[in-house]
Amino acid sequence: MYCCTLPFLLGVAVAFAGLSYIMYIPIKEGIVDTFQARTVAISARLIGIVGGVTEGLGIAKHVTMIRLFATHLVVSDNKQPPDTDQLKVEDYTFDDIPVRLYRPTNASDPSPTVIYIHGGGWTIFSVDTYDDVVSEFAVRSGYVFISIEYPLAPDNPFPIPFEACLKAALYVFTHAQTYGVDPRKIAIAGDSAGGNLAAAVALKLSELKDVPKLSFQWLIYPATQAFSFKTPSYIANDDAVPYFLQRESMAGYWCYYMDVNTPTMTKAFRNNNHTSRKLKQSVYASYVDAKLVSTKYQGDSSEETQNSDYGDDEISNQIEKVILNPYFAPLMAPDLSGVAPAFVVTAEFDVLRDDGLMYAQRLKDAGVDVVVYNSLGSIHGFLFWGGVMPKYADTDDTIDMFVKYAKRQFQ
């Protein structure tokens, strides 16, 4: 009996120890909803383990496993949700770009409209994944939302996702009446990588003379630059939610977007070695200056944020034209005057916090009307997680702020 039981007990002990190792993840003090944060961290850790094994064995790439999780475990039947007494949902194709249109039953005709671009590091998620989120935005605001299904990297690297979003946005303007959209009241929004694309499209639209002006842009914890991975928020929040969105994972996402995702390249990005000493001392470095964020967060930085005496010239020369392209990284735009008014939402414990705060400050400095809301105690993705788990503490208040802001801007 003892001999038969011992291996079983050892197996249980090992399994328990392994599960405890995976399940126990310390979360940074100050984060409000530790349940959501820990759930996200555990999920990311499990996906990372499985993705590492499958990629190591040559079965599937890490990004493929993340897509599998996002598509089949979070949500997904790739079908538009059924109509309700509050919302009607229809799928269309705008200039060869699939979109999903969410029309509240109490929306005016024609209706103010928000073009929405989903997040996911340019590589994962879809319109389908964001159904719950965008549906709530539409119902709570009473405005039409149009969600864009842009092609994903690395199979479709920059500028393909940007160009697809731009094409769909232009189609909304030119065919507004066909879809019950008020052409004088169109805004653009997006979160994370979608916030990057929304900002880039807004920048491009501001430069086109034959297109009506956007009413505003709603940028939710946007990724705005790949120039520096040593901003105060990258340094202070790298381990805020371990295994989730960290310096290393953001380096990987940017490299996927550029289609240069190799271990050498992602390591260079992560260590901030991807820009040369000359580039670090150029005017572009001033666009990513810690002084652009509040003094409260400047204290999160360290001496390494000021160190410009290093960098790989060969890598820098290879990627320079892309990372300085404002449609790739809107914070790199030399001139932001004339861009649509912005409501910028950031999360305190997010590595991308300063991307949003710096972009907001540069917009202000260019004379653009900007409202900034930095959600204290929140983590990256806090507006999205309400669609897949209990809502984050600040989700409802943030949506309410958006609704009030949009109402003013659409007047």
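Using a Gaussian network model of the chain in which every pair of alpha carbons under 10 angstrom is joined by a spring, one finds that among Tyr150, Tyr256, Tyr297 the greatest mean-square fluctuation is at Tyr297. Each of Thr398, Thr264 was scored by other Cβ atoms within 10 Å of its Cβ. Arranged with the fewest first, they read Thr264, Thr398. Taking each of Lys267/Lys364; Lys28/Lys79; Lys185/Lys209; Lys79/Lys404; Lys88/Lys391; Lys267/Lys321 in turn, the alpha-carbon distance tops 29 angstrom for Lys267/Lys364; Lys28/Lys79; Lys79/Lys404. Short-range pairs are left out: with C-alpha atoms under 8 Å and at least six residues apart, the relative contact order of region 250-330 is 35 percent.
Among His118, His62, His274, the largest mean-square fluctuation in a Gaussian network model of the chain (Cα springs under 10 Å) belongs to His62.
For Lys204, the aspartates and glutamates whose Cα comes closer than 16 Å to its Cα, not counting residues fewer than 8 places off in the same chain, are Glu163, Asp335. Looking at the chain alone, DSSP beta bridges between its own residues are antiparallel in about 30 percent of cases. Put a dot 7 Å past the Cα of Leu376, heading toward its Cβ, do the same for Ala60, and the two dots end up 4.3 nm apart. Taking Tyr327, Tyr253, Tyr92 as the candidate residues, the one with maximal mean-square fluctuation in a Gaussian network model of the chain, Cα springs under 10 Å, is Tyr92.
The overall shape of region 232-323, judged from the alpha-carbon gyration tensor, is oblate: a/c is not under 1.5, and a/b is no greater than b/c.
Looking at region 79-223, the DSSP beta bridges with both ends there are about 45 percent antiparallel.
Only Lys, Arg, Asp and Glu carry charge here, each on its Cβ (+1 for the first two, -1 for the last two); on that basis region 232-323 has a dipole of about 200 debye about its Cα centre. The alpha-carbon of Lys167 sits under 16 angstrom from the alpha-carbons of these aspartates and glutamates, leaving out residues fewer than 8 places away in its chain: Asp95, Asp96, Glu149, Glu207, Asp210.
Computed from the coordinates by the stated procedures, all read-outs in this text should not be read as laboratory data. Fair warning: this is a prediction, and the values are worked out from it, not measured in the lab. Positions of Cβ are backbone-derived with ideal geometry, glycine not excepted, and every protein chain shown enters the neighbour counts.
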